[in-house]
Amino acid sequence: MANYGYTGANYSTTSYGGQGGNDGGGFMSGSQQGSQDSPGQKSYGSETLRAVTIKQIIESTQAHADAEFKIDGAEVHQITFVGQVNSVNQRAANILWKVDDGTGITEVTQWLNSDMDSGDVQLVANEGDYIRVFGRMKSFANKRTVASNSIRKVDDYNEVSCHLLEATAMHLYFTRGPPESEGGVKAEQGTGMFVDSYGGNNAAVSGGGGKKLPAKTSMVGRRVFELLQNSPQNNEGMHVHHIANQLGIQPNDVFKAGDELLGEGLIYTTVDDETWAVLEY
């Protein structure tokens, strides 16, 4: 993983497959000058690319309409995140994506070149696929959205887990500062970056266990499965409301994820229909 200031004063701009200078997926230095979504007088050559979650985008702050957005108290310019496509709509001048990363849902507007017609553009991904988005945050009527000129499909789910780890590293740096000693992190509580906190466990979003989930499994489904898989197992399993409290999400979302996992034969009901355990085989 890249250095985000835990051994120095600055954080870097690399991610799993996300460094734009290498594969064209991100913004290279100064590449956004003249963008139709950016004021022409600004220079972005010295800006960094920050990995974020959608929850952080939604909860970002802005002092006034022309001010830069802030996440964890730090200015944010270019961002990147990974999520699952909920819907995609091709329009005359742009493509509108609705993306869910398990922490929230946001709209992403992908602008097309002025000499391109939307009918001639082949979509890089479809509904249910995972994508990586590079762009800049926008605000209209106090609603956060993302304007992007670069979107690509994610073919390796390891990139999703790696991105969440990278976003976590940046979040910890800005909320807690560099660790006081190697391997240590200050203990004070920071603002949640994944879900609203009810004393729950955010660690479940990082990959774990040996069972491979289907590629189309939703983000919430993956989090529920990983929580069940990584929690101490007993004969009774774990109840839906306990799962909801641990992950800080609504029980209805847990039920939907459970139906998905039950249908794939990944979990099974135990003492009742609302208590589940991982099916070992």
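A compact table of results
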quantity: Residue within the stretch 108-120 that is touching a residue at least 12 places away in the same chain (Cβ under 8 Å), within 24 Å of Leu247 (Cβ to Cβ), not in a helix (DSSP H, G or I) and not assigned by TED's automatic domain parsing to the domain that holds Lys212 present; calculated: no
quantity: Of all residues making up the stretch 225-252, the number that are assigned to a helix (DSSP H, G or I), free of Cβ contacts under 8 Å to residues at least 40 places away in the same chain and crowded, with 19+ Cβ neighbours inside 10 Å; calculated: 5
quantity: Failed criterion for His64 (all others in (1) closer than 17 Å to Val154 by Cα; (2) over 10 Å from the mean Cα position of the chain (by Cα); (3) in a loop (DSSP other than H, G, I, E, B) hold); calculated: (1)
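A quick yes/no check of all residues on (1) more than 30 Å from Asn126 (Cβ to Cβ); (2) of a type in the set (D, E, K, R); (3) modelled with pLDDT of 80 or more:
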{"position": "Gly221", "(1), (2), (3)": "no, no, yes"}
{"position": "Asn235", "(1), (2), (3)": "yes, no, no"}
{"position": "Ala257", "(1), (2), (3)": "no, no, yes"}
{"position": "Thr270", "(1), (2), (3)": "yes, no, yes"}
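The values are calculated or read from the model by the stated rules, or taken from the named source; none is laboratory data. Worth saying up front: this structure is predicted, and the values here are computed from it rather than measured. When we count neighbours, we look across all protein chains shown, and the Cβ atoms used for this are built from the backbone with ideal geometry, even at glycine.
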